[in-house]
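Quick notes on the structure that follows.
Please treat every number below as a calculation from the coordinates, not as lab data. Computed from a predicted structure; not experimentally measured. Virtual Cβ from ideal backbone geometry, glycine too; neighbours counted across all protein chains shown.
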Amino acid sequence: METFAANLLNGLSWGMLLFLISVGLTTVFGVLGVLNFAHGSFFMLGAYLCMQIMHIVPSFWVGIIVGPLLVGGLGVVIEKMLLRKIYDRDISFQLLLTFAILLFLDDSVRLIWGPGYHVVEAPAILAGTIPFFDHTYPIYRLFLVVIGPLIGLALWSFFHFTRWGKVVRAAAVDREMAEGVGIRVPLLFTAVFAFGSWLAALGGALAAPHQSLAPAMGERIIIESFIVVVIGGMGSFPGAFAGALLLGLLDSFGTAFAGRAQMALPFILLAVVLLFRPQGFFGRET
Amino acid sequence: MTNSAKILRNNGFLFFLLFAILAAAPFILPIYWLIILTEIIIMGFFAMSFNLLFGFTGLLSFGQAGFFGVGAYCTALLIQNGIESLTLILSAGILGALLAALIIGFLCVKRDEIYFSMITLGFGMMLYTIAHNWIGVTGGSDGLPLCTIPAIKLMGWEVSLYDPRWMYLFSLSVISLGVLLLWRLTRSPFGLILTAVRENKERLAFVGANVRWVRLTSFTIAGGLAGLAGGLFALFNCMATPDFMHWSFSSRPVLMTVMGGSGIFFGPAFGAAIFFILEQLITNVTENWMIFLGAFLIPIVIFFPRGILGTIVELVKRRRES
């Protein structure tokens, strides 16, 4: 019972981080039609910037607010200066451009903060552990399990009840029609890309006290969130949620039951989903 | 007709010239640069095999390193088990990779565009995790070291592949055969069908071609040739490691092809040369050469979608016409 509950919580906390990354990735894909390889780098930048800001102002909360905003700003620059030039190009060029951005950002992080590990302390309220059956459990992970669905709910309300959210969904369904009814699509693209980058960085900042920071942290999460987005259905919000939870749980329970073979499980899941439901759980027919 | 004959003769001459220069390299270049040149031709060939899929068939695979690695491991395993025939060893690499590509390709070619890229990325990483975790066979993250590398034995004459010059000449001759095969393939009716799949698969399906089968064939051949490159690379490095299969390794042929130009037969190999020469020049100054690679790639993708060699060829052609 105890192991089960611990695995469940571990899986949920990792799943929630995955969800924050995947929802940005899937929204950007849905609206801009670009699958962003550099999304994991934004996640990593969010974590590192949070750490850097905490060196100046020793507060986690300042870091988690300011860091992602800076990354959102970087998103604006990247969309306006680079991505915008290749929307009409073949999809492989978009993939390659974001890949080149990934190379640039990942190595920049390595240059600035070095190749070693860094640790970010959780804020005092969330540090430490609580009693958990016969043992203890870190409070910060519980915080992630709670904050994840809250952010998800906030995003869902944003997409469904606000004018901006509806505009984003409209553009995802039919870009040309959206332009036809007077939505300023170029502005929308910039906003959506910046929003996606901000979300990824927020995930990174939230992940910072949870895992140690290293230049490879973006690489791991981008592959897993690609899998989330593909099995959930590309461009689908509920798909990102379901996929992220599934993958998070697969990670924790897989490690407990399958041992070393666990690393292969996400890819086997990907293969099975693609065989039997190629458009993903919530994807539209293509 | 006369025009195409002229192009063919022109190309034949250029091929011969290129081969002659490459064959003369061991007598001119210092050993250090010869070793780099060996890496360039092996990775260049890997990139050319990838381009059969990308440039000719229009499928962007992010998992080719998986097949490259399967070739490397098959080669390494055979050598560890005491097989001494290089022909047999490299054939095993090709066959292993062919088989892997056939099975994985069967699942992958159902989808195209971005989905294809993601699926191949996933399967490539699946192969990587297998190599990483099946410690009994693959040696886990340490990989398989090759303690002895078989010598070339030809009609009672024997040379060691530990000599970088012979390693280079051996790679060059194997790769030349592979390149000839690729050249024949892309100029054959089948090559034209590949281009047709890339340009308009619906129309091709209309006239009765089986698009999935064509793609699968292309995928399998590209995988098998990647396996050959992997086998050579294992011999060259004296080891096979899981890193050969990681997706960052899969991205190398992609980058090389884009740098050189996917529309030109030798574009990917040209890109490989630029890649490694840049790496050499920049790593002399700083460890973080990926920043420069990224900064170099961004304008190429945006302003020179035909790649460097592709843009040069285009300029030469335009000048000739005017």
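Which semi-axis lengths, in whole Å and largest first, follow from the square roots of five times the eigenvalues of the Cα gyration tensor of the protein assembly as shown?
Semi-axes from the Cα gyration tensor: 42, 29, 23 Å.
If you build the convex hull over the alpha carbons only and average its shadow over all orientations, what do you get for the range B:121-218? Give it in nm² to one decimal.
10.6
Got a sec to turn the phi values of the range B:166-173 into Karplus ³J(HN,Hα) couplings, 6.51 cos²θ - 1.76 cosθ + 1.60 with θ = phi - 60°, whole Hz, x for Gly and Pro?
Karplus values, whole Hz, x for Gly and Pro: 6, 4, 5, 5, 4, 4, 4, 6.
Classify the range B:196-319: rounded, prolate or oblate, from the alpha-carbon gyration tensor (a ≥ b ≥ c, eigenvalue square roots; a/c under 1.5 rounded; otherwise prolate if a/b is larger than b/c)?
oblate
Take the Cα atoms of the range A:2-215, build their convex hull, and give its volume per residue in Å³.
Considering the Cα atoms of the range A:2-215, their hull volume per residue is 135 Å³.
What is the distance in Å between the Cα centres of the range B:177-191 and the range A:128-154?
59
Show me, for the range B:219-225, the HN-Hα J-couplings you get by feeding each phi into the Karplus relation (A = 6.51, B = -1.76, C = 1.60, θ = phi - 60°), rounded to Hz, glycine and proline as x.
Coupling constants for the range B:219-225: 4, 5, 5, 4, x, x, 5 Hz.
Measure nothing fancy, just the Cα-based angle from helix A:139-161's long axis to the longest principal axis of chain A, in degrees from 0 to 90, nearest 10.
20
Average partner chain C-beta neighbours within 10 Å, per residue of B:129-137?
That works out to 3 on average.
Could you work out, for the range A:136-286, what percent of all Cα-Cα pairs fall into each 10 Å distance bin, beginning at 0 Å and stopping at the bin that holds the largest distance?
Distribution as computed: 9, 32, 36, 18, 4, 0 percent.
Write down, largest first, the equivalent ellipsoid semi-axes of chain B in whole Å, where each equals the square root of 5 times an eigenvalue of the alpha-carbon gyration tensor.
Equivalent-ellipsoid dimensions as semi-axes: 29, 25, 21 Å.
When a/c reaches 1.5 or more, the comparison of a/b and b/c decides; with that in mind, is the range B:168-251 rounded, prolate or oblate per its Cα gyration tensor?
oblate
With contacts defined as alpha carbon pairs under 8 Å and 6 or more residues apart, what's the relative contact order of the range B:2-321 in percent?
31
What residues have an amide H closer than 5 Å to that of B:M239, excluding those fewer than 5 places away on the same chain, when H is modeled at 1.01 Å from N in the peptide plane?
The answer is B:L146.
Please list, in chain and number order, the residues 5+ apart from A:Y137 or on another chain whose amide H is under 5 Å from its amide H, with Hs placed from the backbone.
Distant-sequence amide H within range of A:Y137: A:I130, A:F132.
Please quote Rg/Rh for the range B:69-153 to two decimal places, taking the Kirkwood radius as Rh and restricting both calculations to Cα atoms.
Over the Cα atoms of the range B:69-153, Rg/Rh equals 1.06.
Is there a quick way to get the dipole size of the range A:2-215? I mean about its Cα centre, with the Cβ of Lys and Arg at +1 and of Asp and Glu at -1; what is the value in debye to the nearest 20?
Using only the charged Cβ atoms, the result is roughly 520 debye.
Quick one: longest stretch of chain B between exposed loop GluC sites (Glu not before Pro), exposed meaning at most 14 other C-beta atoms within 10 Å and loop per DSSP?
With GluC sites (Glu not before Pro) excluded where exposed in loops, chain B gives B:85-286 as its longest stretch.
If R0 is 41 Å, what FRET efficiency do you get for B:E279 and A:K166 from their C-beta distance, rounded to 0.05?
0.25
What whole number of Å gives the distance from the Cα centroid of the range B:241-290 to the Cα centroid of the range B:34-88?
Cα centroid to Cα centroid, the span is 14 Å.
Applying 1/(1 + (r/R0)^6) with R0 = 35 Å to the Cβ-Cβ distance of A:A154 and A:L111, what FRET efficiency is obtained, to the nearest 0.05?
Calculated value: 0.50.
Which one of B:A222, B:L172, B:N133 is farthest out on the positive end of the charge dipole of chain B, using unit charges on Cβ (Lys, Arg +1; Asp, Glu -1) and the Cα centre as origin?
B:A222
Determine the shielding of peptide B:283-290 by partner chains: average, over its residues, the number of Cβ atoms on other chains within 10 angstrom of each Cβ.
For this peptide, the per-residue mean of nearby foreign Cβ atoms is 3.
If you average the sequence gap of Cα pairs under 8 Å that are 6 or more apart and divide by the length of the range A:118-236, what percent do you get for the contact order?
Computed value for the range A:118-236: 29 percent relative contact order.
Would you mind checking the tilt of helix A:163-173 against the longest principal axis of the Cα atoms of chain A, expressed as 0 to 90 degrees and rounded to 10?
Its long axis makes an angle of about 70 degrees.
Taking the simple approach of a point 7 Å from Cα along Cα-to-Cβ for both A:Q211 and A:D88, what is their distance in nm?
Taking the two extended label points, one gets 4.0 nm.
What list of ³J(HN,Hα) couplings, whole Hz, do you get for the range B:102-116 from phi and the Karplus terms 6.51, -1.76, 1.60, once you set θ to phi - 60° and write x for glycine and proline?
In residue order, the calculated couplings are 5, 5, 5, x, 4, 7, 6, 6, 4, 10, 9, 6, 4, 5, 4 Hz.
Please state the relative contact order of the range A:2-215 as a whole percent: Cα pairs under 8 Å, 6+ residues apart?
The normalised contact order for the range A:2-215 reaches 44 percent.
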